[in-house]
Each structure stands twice: as C-alpha cells, then as structure tokens.
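Right, I'll just put the structure down here and ask away after.
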Amino acid sequence: MSRLAPLAAFGLLAALLSGCTTTRADGSPQIQTSSEANRESLEGAMSAPLRDVNLLRTKIPPVLLEAQADPYKRPQPATCANIAAQIVPLNHALGADLDEEAKDEDDLMDQGRVTALGAVAGFTQDVIPFRGWVRKLTGAEQHDKLVQSAIVAGGVRRAYLKGLGEARGCNPPATPNHAYQAKDVIQQELKPRYPVR
C-alpha cells in the first residue's frame, strides 16, 4: 500500500492541475517560454517538473494566436489609428520591439539570480527520469513549440503593421521609432591577437 501512496498523490495533483495555464509572476501580460518561466522566480523553478509533464502550460495571449493564424492580414480600415490600435496589444504581449529601449537586465545581481533559479529548475527537473521522452509523450514539447511559433508570428505581425504604417506616413507606435539610437553594426572580421609587421 505504501508504494501506491506517491502515485495516488501524484494522480490527485495531476487531476487538480490538469489544463492549468500560467502567466508571469509580476502580473505582466507579456508571454514567456517555459525556460523563462523556470528562471523567473523560485515558484517557477520549483514548478518546472509540472511544465515537463504538461500540467502547467504557458498561456498564449489571443492576439498572438490571431497573428499566428494570419500574420499578414491587412487591417481594415488601413488607417494610422487602426494600425496603432493593433500594434499596442502586440507590444503588451511581446514586450519592447527592436526600435524601443528595453529594460536593462545585464546587471550582476539579475544575472546571478537568473543563474541560481536556472540551477534550481535544473535540479527539480532531474526528478523526472527520461525527461525528454516524458516531454514528448505528454505534449509539453509540442506546447513549447506552439509558444515559440506564436512569439515569432507576433513579431512578424508587428513588423508588418509597422511597415504599413511607415508607408502611410504614420507616427509611432504605428511606424518604427527612428529617433531610437541604435547600436553600431558589429564587425565580424578576424583580427590578429598580437601585433604583426
């Protein structure tokens, strides 16, 4: 009987959590992948095995699902106001675009926190034997691919709408923000390590 107790507890937990979707810990509507959710907070790191068995899933915002269905759908009417109205929810779901200044997360404390939470998530995921196969069989891997596909489609949709806004002479957010100071282009040529004659 003692061998069945853990299985019964796991089955009860699975029944309670089946179909649960998760959002960001900070309450933001921005979508996140499973790996981002695993490193966002201690709760996210501890619930990593539940994502691996597909009991917890990332909720995909409807605006990204619509973008995935047809990223090049023409807005009707194609006015600057309507284009901006379609870009704003995409910004909420995806976060800052390339023409906007993103929040700087490169400080040492944030890097250390993310690394530590990643280690905790990795430790908790190790409790699942044959984790890769479990993710395939439970559909967790397929859902993660759907999340990634929705993020890409949302980015394409936003870029398409901004291109339409640019062609119509709209103002931001219905067009790219050209006032943003972009970084210099990275040079990829090989340079010698030591001085040569």
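Hey, among Gly155, Gly165, Gly169, which residue is touching a Ser or Thr at 6+ places or on another chain (Cβ under 6 Å) and small (Gly, Ala, Ser)?
Gly165
Working only within the range 142-178, note down all residues that are among the small types (Gly, Ala, Ser) and open to solvent by 80 Å² or more (accessible area, probe 1.4 Å). Steps first, answer last, please.
Of the residues in the range 142-178, the ones among the small types (Gly, Ala, Ser) are 149-150, 153-155, 159, 163, 165, 167, 169, 174.
Answer for the range 142-178, where residues must be among the small types (Gly, Ala, Ser) and open to solvent by 80 Å² or more (accessible area, probe 1.4 Å): just Ala167.
Moving to a separate point now. Taking helices (runs of 4 or more DSSP H) that do not extend beyond the range 1-82, which have at least 2 residues that are closer than 30 Å to Leu164 by Cα, open to solvent by 80 Å² or more (accessible area, probe 1.4 Å) and at pLDDT 70 or above? Before the answer, list the steps.
Values: elements: 4-17, 34-38, 42-46, 48-52, 62-69.
Helices (runs of 4 or more DSSP H) meeting the threshold: 62-69.
The values are calculated or read from the model by the stated rules, or taken from the named source; none is laboratory data. Just so it is clear, the structure is predicted and the values come from calculations on it, not from any experiment. Counting neighbours? That spans all protein chains shown, and the Cβs are built from the backbone with ideal geometry, glycine included. Please note that ligands, DNA and RNA were not included when accessible areas were found on the heavy atoms of the full protein model with its side chains. Shrake-Rupley method; radii C 1.70, N 1.55, O 1.52, S 1.80 Å.
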